[in-house]
1. Of a type in the set (A, V, I, L, M, F, W, C) and either assigned to a strand (DSSP E or B) or modelled with pLDDT of 95 or more (or both) - does that describe any residue in the range 226-238?
2. Could you give me the residue pairs with C-beta distances under 6 Å whose first residue belongs to the range 142-165 and is closer than 18 Å to Pro221 by Cβ, whose second residue is of a type in the set (D, E, K, R) wherever it lies, and which are 6+ apart or on separate chains?
3. Do the conditions hold for Leu98, that is, is it of a type outside the set (Lys, Arg), assigned to a helix (DSSP H, G or I), on the phi < 0 side of the Ramachandran plot and touching a helix residue (DSSP H, G or I) at 6+ places or on another chain (Cβ under 7 Å)?
4. Can you find, within the range 199-225, the residue that is nearest to Asp154 (Cα to Cα) among those that are aliphatic (A, V, I, L, M) and outside any helix (DSSP H, G or I)?
5. Is there a residue being of a type in the set (Phe, Trp, Tyr) and at pLDDT below 90 anywhere in the range 177-200?
6. Could we say that Arg445 is more than 22 Å from the chain's Cα centre (by Cα) and within 30 Å of Ala64 (Cβ to Cβ) here?
7. Using the structure shown, decide if Thr392 is modelled with pLDDT under 95 and β-branched (Val, Ile, Thr).
8. Consider Leu57 carefully, then state whether it is surrounded by 24 or more Cβ atoms within 10 Å (Cβ to Cβ), at pLDDT 95 or above and assigned to a helix (DSSP H, G or I).
Amino acid sequence: MAATTHAGEHGEEHEGEHAGEHAGGHAGEGAAARRDLAVRAAVEQGLLAADPLACLLDVAGIQASAAALTSAFANAVAPGTPVLHAFAVKAAPLVPVLRLLAGAGLGCEVASPGELALARAAGVPAGRTVLDSPAKTSADLREALALGIAVNADNAQELARLDALVGSGPAPAPIGIRINPQTGAGTIGALSTATATSKFGVALRDPGAREWLVRAYRDRPWLTRLHVHSGSQGLPLPLIAEGVRELHALAEEINAAAGRRQVDTLDIGGGLPVNFASDEQTPTYAQYVAALREAAPGLLDGSYGIVTEFGRSLLAKNGLVLARVEYTKTSGGRPIALTHAGVQLATRTAYAPAAWPVRILPYDAKGAPKSGDPVAQDIAGPACFAGDLLATARELPRLAPGDVIGVPDTGAYFFTAHYGYNSLPRPAVYGFAVSSAGVRFSLVRPAQSMSAIVAEAGGAFRDALL
């Protein structure tokens, strides 16, 4: 689908009334204006007519995020330093998104055969792809090496499998080992991967681990990379930078023991947190790079190639869920708006609302920003359990059936990774671009059909258990 609504019709009203209300920074102001134009256009073009749910991706916003990342490092590293920014496919496993990012100069970080298949379908070259997973099979490793895809081994047993595959000759692809610097957790324990007992990587501070790592590299000239990723949302920049500092120090120790620059590339992972409280984009990639420079001054001097693996920070603020309000009611004196957006899209919010709060942007039935006295009301989803709530007692203009809610900052790990509770279908995803000619939508992923749901549920094998 590709259709256009003229931006000039409503641009002045949106920019002055609603965009400024939610904007928190200079970049956010432009994104908020585009967002409001897109909401009006989505309603006018009928995106919510046949289906009460649609998800939008801001193409210009994604491109701007990619440019901010690449420029932050380009301005900081020594000239000629090889730098690969590998997008974490798990954050938005959509082939058109990977294709768009590839056009912006990014590669892919994959953590499963499925994610690798998506990267290949998007045309991402093997040399710009990195495989990370704590449970790679021998077949996974064999395929990656045959394709020339970089591999980060998670543990000693995986390294033994690579020994058998590589033998005594040169490795057919770059290979490294992931370390767990054991530097501590952020505010969300489930996303903190540098804790004392994390399942990821070689625990650097465990007895004998550091010595084993140095020996492992000295015995294997084909080990040329080191990898760290301390977590994502909830990690402050100093904690992320501390993990990278540990990585750099270990690389220096390994190379000193080897008597040469054996480790030539440091994969520093991703993990830049996202601000979900407003449209302000903070922290920035420039602030991240500054924290790295302070923690590990030699990291960016050209001694090592650099690989990054950002996901959420590239996509989150460029996504928007739109859902029609189907009914409104009152229970115990509390107004409730029943919508079609819930746990199937915002799974983490439904199950851990304190850690994953989302904003709710109210629009009327025509897609215009809704005004009125704020009323504390619950915003509920369609699933059959009491916790299917996007917001509780949220102060908003009182919603009515036919109104539209927007849930911003959902471009990563929300509607891109569907949760099939109640057999709720995957919603359609559209990219949008705003120009003087209007708002143009392009279908990124179609809505899931009922027949597809039945097929996934074994519809072709209905008599299998009789």
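The values are calculated or read from the model by the stated rules, or taken from the named source; none is laboratory data. Source: prediction; values computed, not measured. For neighbour counting, all protein chains shown are included, and Cβ atoms are generated from backbone atoms with ideal geometry for every residue, glycine included.
1. Kept after step one, since they are of a type in the set (A, V, I, L, M, F, W, C), are these residues of the range 226-238: 226, 228, 235, 237.
Still in the list and also either assigned to a strand (DSSP E or B) or modelled with pLDDT of 95 or more (or both): 226, 228.
Taking every residue of the range 226-238 in turn, at least one turns out to be of a type in the set (A, V, I, L, M, F, W, C) and either assigned to a strand (DSSP E or B) or modelled with pLDDT of 95 or more (or both).
2. The qualifying pairs are Asn152/Asp132; Asn152/Arg178.
3. Values: of a type outside the set (Lys, Arg): yes; assigned to a helix (DSSP H, G or I): yes; on the phi < 0 side of the Ramachandran plot: yes; touching a helix residue (DSSP H, G or I) at 6+ places or on another chain (Cβ under 7 Å): yes.
So Leu98 passes the test.
4. Pass one, the range 199-225, residues aliphatic (A, V, I, L, M): 202-204, 209, 213-214, 216, 223.
Adding the requirement that they be outside any helix (DSSP H, G or I) leaves 202-204, 223.
Numbers: Val202: 7, Ala203: 10, Leu204: 12, Leu223: 13 Å.
Among those that are aliphatic (A, V, I, L, M) and outside any helix (DSSP H, G or I), it is Val202.
5. If we filter the range 177-200 for residues that are of a type in the set (Phe, Trp, Tyr), which is where we start, we get 200.
From what's left, at pLDDT below 90: 200.
Yes.
6. Details: more than 22 Å from the chain's Cα centre (by Cα): no; within 30 Å of Ala64 (Cβ to Cβ): yes.
Answer is no for this residue.
7. Values: modelled with pLDDT under 95: no; β-branched (Val, Ile, Thr): yes.
So Thr392 fails the test.
8. Details: surrounded by 24 or more Cβ atoms within 10 Å (Cβ to Cβ): yes; at pLDDT 95 or above: yes; assigned to a helix (DSSP H, G or I): no.
It is false that Leu57 is surrounded by 24 or more Cβ atoms within 10 Å (Cβ to Cβ), at pLDDT 95 or above and assigned to a helix (DSSP H, G or I).
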